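Just so it is clear, none of the values below were taken in a lab; they were calculated from the coordinates. On a predicted model such as this, the values are computed, not experimentally measured, just so you know. Because the Cβ atoms are built from the backbone with ideal geometry, glycine has one as well, and the counts that use them run over all protein chains shown.
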Amino acid sequence: MLSSRPLALGRRLVAFGRRRRTALTIATSVAVAAVLVAVLAGRRGEFTDALASVSLWVVAGTALLQVVALVSRSEAWHLTIEAAGGAVDRRVLYRASSMQVLGSVLNGHLGVAARIAALRRSSGDACPQVPTLVAAEFPILAVEAMLAALASFTLVAPLGLPWWLPLVVLAVVGLVSAGLRQLALRKGRELWRGLAVLRSLSGGSRVVAFVLVAVVAQILRNWILLRAVGVDASIFDATAVLIAVVTLGQLPVGPSVGAAAAVLILGRHGLAAAAAGGLLLTVTGTLGGLCFAAWAGGDRLWAAVRGARTRRRAQPVAAPPG
């Protein structure tokens, strides 16, 4: 009886969180933004000077790096869907992948849901079922988790973590990855089909390659922006910021996640400059995502126009009277 009470309480909390997800996200985002404003009180001049020191070319270049990351991750997703038996056209899948940008502004989980829903609407007959599409995310997430575990030593100094904690994280991620590999070898369920890319060495290697390109592009974007605002950041610091951004992004932090992560990792180098760099991470990430989404919208419009022309040409021409 006593052991069931914590479980019942946990279920009620989860159900409450699901019902109030939007309100919780907004409230948490406002709270995090308020904390950042309080931390930067009295440093407004430093903050604006750090932002003003960044040129438009740097903003454009880092936004382009975000586009590279989005395209590379979309191609990795295409590989997992194709291995699961999907026959979705690459351009259609890229257009569905662009929908993640809109949902990820509030929460990363909403972005994944928006992407899967868009793919099912656009090509329901050619793509696998929803359980398979959800499972197709796991190989990509496993690669990202392994890379984060390998680089988790970069968090030891900024956060004061014990030196052995990255080894524990690496061991746990390795065990989870091995478990996914074993599940991928099973057949008979829609869920396991999403892991089919892990059955072959070539398919798994290509997924790792595209995810690695996406991660390197984001680390490089972090490093360029942090250096541009005056933070003496190394590649390791930029990697730690990326891990912090991804970790905090799982929480309903909202658009303040970049500034919060940068202050958390690099606040010792200057709170104002770190916050400015984190803000630019969010801005350039959003700009890159909007560029990707704009291409998807234009490509969808062009496909519709081209389809209408094809249908008109295929209509039989009426013979003249007499």
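Can you work out the FRET efficiency for the pair Arg313 and Trp57, with r the C-beta to C-beta distance and R0 = 35 Å, to the nearest 0.05? Efficiency for this residue pair is about 0.15. Here the 3J(HN,Hα) profile of segment 233-250, calculated from phi with Karplus coefficients 6.51, -1.76 and 1.60 at θ = phi - 60°, is 9, 9, 4, 5, 5, 5, 5, 4, 5, 4, 4, 5, 4, 5, 5, 5, x, 6 Hz, Gly and Pro shown as x. Roughly how many whole Å is it from the C-alpha centroid of segment 46-67 to that of segment 236-260? Measuring centre to centre over Cα atoms gives 18 Å. Here the Karplus relation 6.51 cos²θ - 1.76 cosθ + 1.60, evaluated at θ = phi - 60°, turns the backbone of segment 61-73 into coupling constants of x, 6, 5, 5, 4, 5, 4, 4, 5, 5, 5, 5, 5 Hz, with x for every Gly and Pro.
Summarised as an ellipsoid, segment 202-257 has semi-axes of 23, 17, 8 Å, derived from the eigenvalues of the Cα gyration tensor scaled by 5 and square-rooted, with the largest first.
Helix 271-314 and the longest principal axis of the Cα set of the chain meet at an angle near 0°. Evaluated at q = 0.10 Å⁻¹, a Debye calculation over the C-alpha positions of the chain (equal weights, vacuum) places log10 I(q)/I(0) at -0.67. With no solvent and one equal point scatterer placed on each C-alpha of segment 109-171, evaluate the Debye formula and give log10 I(q)/I(0) for q = 0.13, 0.14 Å⁻¹, two decimals. Here log10 of I(q) over I(0) equals -0.53, -0.58.
Placing pseudo-labels 7 Å out from each Cα toward the beta carbon at Ala34 and Val305 gives an inter-label distance of 4.9 nm. Under a Gaussian network description of the chain, with springs only between Cα atoms under 10 Å, the residue in Leu220, Leu175, Leu65 that fluctuates furthest is Leu175.
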